[in-house]
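Taking it in order: structure first as structure tokens, then the write-up.
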Amino acid sequence: PHRLRRLHRAHDRAPDFDRGRHWAGCAGVDLIPLVASAEAKSSAPKAQYYAETVQTKEKKLTMNGTMVDLLSGYLRGDNISESKRTLGDLKNVFQDEAARAQMNPATIVYEVQSHMAVKDGTPGGLFFGTSNVMPGQVGGEYFMTKGHYHARRECGEYYWCIQGMGALILMDESGKCWFEPMQPGSLHYIPGYIAHRLANTGDTPLRVGACWPSDAGHDYASIAEHGFTARLMNVGGVPTLVQEGQA
Ligand code: M6P
Ligand code: ZN
């Protein structure tokens with residue numbers, strides 16, 4: 001019962017994370033309908049998602065404290081950190097800074113949930129996350145993440161598209177830029193030494209799962225300084241990677 005109460009608190013935290021609008025309303029169904037143990041039911045009636053034990057015909061199974069909604073990638077339970085970036089947070093990220101400055105700074109561009117079972121920087125561990133990029137454009141450039149290199153350049157990462165349409169924009173250290181189209185089910189291996197950024201080219205949220213080493217770190221400074229050398233633009237309705245100086 002103690003553990004269940006703690007899990008509830010973890011879930012109820014993060015009031016600024018707008019899960020009602022962007023996550024729970026998605027096509028996802030309820031999580032696996034666990035049958036909570038009698039003890040869990042009486043102490044915490046809403047705790048079915050976090051039931052510590054389930055009784056099957058064969059045996060009692062022990063569940064851990066975190067669940068992934070397989071349809072949306074939404075995470076709930078233990079060890080989850082959440083963040084969001086609004087248009088106001090993304091100064092100088094889009095090509096058309098004047099257009100961005102005219103838009104509502106409170107508009108959410110993307111949200112990230114990360115399951116961090118070890119401390120950031122721990123060698124040999126893994127992090128697991130879901131990014132949720134909203135549909136939208138700034139001056140014809142699709143809503144996207146800030147993008148980063150890993151601080152430890154050699155570290156790779158997996159992305160996989162869960163819902164929506166978009167692109168994984170990649171850049172090597174010489175500034176060569178390309179992209180991989182994303183659709184539900186597409187799997188993307190990002191090798192070390194490659195900067196990566198997500199763009200939503202559709203009109204529904206782009207939800208992407210990610211798994212990366214817990215000591216990879218984020219190097220945003222290199223991107224802030226040099227940017228990506230290409231931008232994914234809506235050119236007559238077609239997502240087009242426009243190289244720097246080519247527009
Ligand atoms: C994925 C992972 C995270 C990353 C997030 C948002 O979930 O790659 O490490 O933080 O996307 O991307 P960014 O950090 O570039 O804003
Ligand atoms: Zn990364």
Counting just the residues of segment 118-131 that are out of contact with any Cys (no Cβ under 9 Å at 6 or more places or on another chain) and surrounded by 19 or more Cβ atoms within 10 Å (Cβ to Cβ), which one comes out nearest to residue 231 (Cα to Cα)? 131
Could you check how many residues of segment 175-200 are within 24 Å of residue 140 (Cα to Cα) and in a loop (DSSP other than H, G, I, E, B)? 4
Quick check on segment 142-161. Is at least one of its residues away from ligand 1 (no atom under 14 Å from the Cβ), surrounded by 14 or more Cβ atoms within 10 Å (Cβ to Cβ) and in a strand (DSSP E or B)? yes
Given the condition within 17 Å of residue 215 (Cβ to Cβ), within 14 Å of the chain's Cα centre (by Cα) and modelled with pLDDT of 95 or more, answer yes or no: does some residue in segment 184-195 qualify? no
Breaking point among (1) over 28 Å from residue 185 (Cα atoms); (2) within 15 Å of the chain's Cα centre (by Cα), for residue 92: (2)
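The values are calculated or read from the model by the stated rules, or taken from the named source; none is laboratory data. Remember, predicted model here, so these are calculated numbers, not experimental data. Positions of Cβ are generated from backbone atoms using ideal geometry, with glycine treated the same way; all protein chains shown enter the neighbour counts.
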